[in-house]
């Protein structure tokens, strides 16, 4: 139940040509406390409830628990979420033995594209595709919970970028 992942900005849309799947995701947060984030997500036609713990010092790992729920349950729970619903399209791209999940954000976060890769251990090697840009692992402003309350389109107005 420990998630180990690295996050990167994406420097081109070439990943779309390599994607084997794309899914719309709508998610909200019932709780955005960094010690125990609780998220509800519509992932296509599937509902998912997720609890995440605090990130490690380097931001590479944290506790994660997920439970699939019915679509209608997720839709109902979205009505009780804190302000700031995230809407994005997730592209899945296989690169050798790994799958990158590339999120193209819509709404207040339009223009932001983030790629994530889940690893078995923190020092696991993986191939970096050409469209992968700057690493942002551990930078809290790129967490979905933060994007829901301080969206990408406000960063130019916020001096605490």
| task | Would you tally the residues in the stretch 49-67 being outside any strand (DSSP E or B) and surrounded by 17 or more Cβ atoms within 10 Å (Cβ to Cβ)? | result | 3
| query | Among the candidates 71, 88, 130, which residue alone is touching a residue at least 12 places away in the same chain (Cβ under 8 Å), out of contact with any helix residue (DSSP H, G or I) (no Cβ under 8 Å at 6 or more places or on another chain) and either surrounded by 18 or more Cβ atoms within 10 Å (Cβ to Cβ) or closer than 12 Å to residue 40 by Cα (or both)? | reply | 71
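I need the full set of residues from the stretch 13-30 which are closer than 29 Å to residue 121 by Cβ and either touching a strand residue (DSSP E or B) at 6+ places or on another chain (Cβ under 9 Å) or without any contact (Cβ under 8 Å) to a residue 40 or more places away in the chain (or both), in order please. Spell out how you get there, then give the answer.
If we filter the stretch 13-30 for residues that are closer than 29 Å to residue 121 by Cβ, which is where we start, we get 14-15, 18-23, 25, 27, 29.
Of everything in the stretch 13-30, those that are closer than 29 Å to residue 121 by Cβ and either touching a strand residue (DSSP E or B) at 6+ places or on another chain (Cβ under 9 Å) or without any contact (Cβ under 8 Å) to a residue 40 or more places away in the chain (or both) turn out to be 15, 18, 19, 20, 21, 22, 23, 25, 27, 29.
If I filter the stretch 36-48 down to residues being in a strand (DSSP E or B) and over 14 Å from the mean Cα position of the chain (by Cα), which single residue comes out as farthest from residue 148 (Cα to Cα)? Even if it seems obvious, please write down each step before you answer.
We begin by selecting, within the stretch 36-48, every residue in a strand (DSSP E or B); these are 36-43, 46-48.
Narrowing the set further to residues that are over 14 Å from the mean Cα position of the chain (by Cα) leaves 36, 46-47.
Working: 36: 16, 46: 21, 47: 19 Å.
Per the stated criteria, the residue is 46.
For every residue, the table says whether it meets (1) assigned to a strand (DSSP E or B); (2) closer than 22 Å to residue 149 by Cα; (3) modelled with pLDDT under 95.
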residue	(1), (2), (3)
29	yes, yes, no
34	no, yes, yes
75	no, yes, no
104	yes, yes, no
108	no, yes, no
122	no, no, yes
129	no, no, no
| Mind checking which residues of the stretch 96-117 are on the phi > 0 side of the Ramachandran plot and touching a strand residue (DSSP E or B) at 6+ places or on another chain (Cβ under 8 Å)? | 107, 111
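Would you check which residues across the stretch 91-112 are over 11 Å from the mean Cα position of the chain (by Cα) and crowded, with 19+ Cβ neighbours inside 10 Å and list them? Walk me through how you get there before you give the answer.
Let us first name the residues in the stretch 91-112 that are over 11 Å from the mean Cα position of the chain (by Cα), namely 91-100, 106-112.
Once the filter is applied, which keeps residues that are over 11 Å from the mean Cα position of the chain (by Cα) and crowded, with 19+ Cβ neighbours inside 10 Å, the stretch 91-112 yields 91, 93, 100, 109, 112.
The values are calculated or read from the model by the stated rules, or taken from the named source; none is laboratory data. Here the structure is a predicted model, which means the values were calculated and not measured. All Cβ positions, glycine included, derive from the backbone under ideal geometry; neighbour counts span all protein chains shown.
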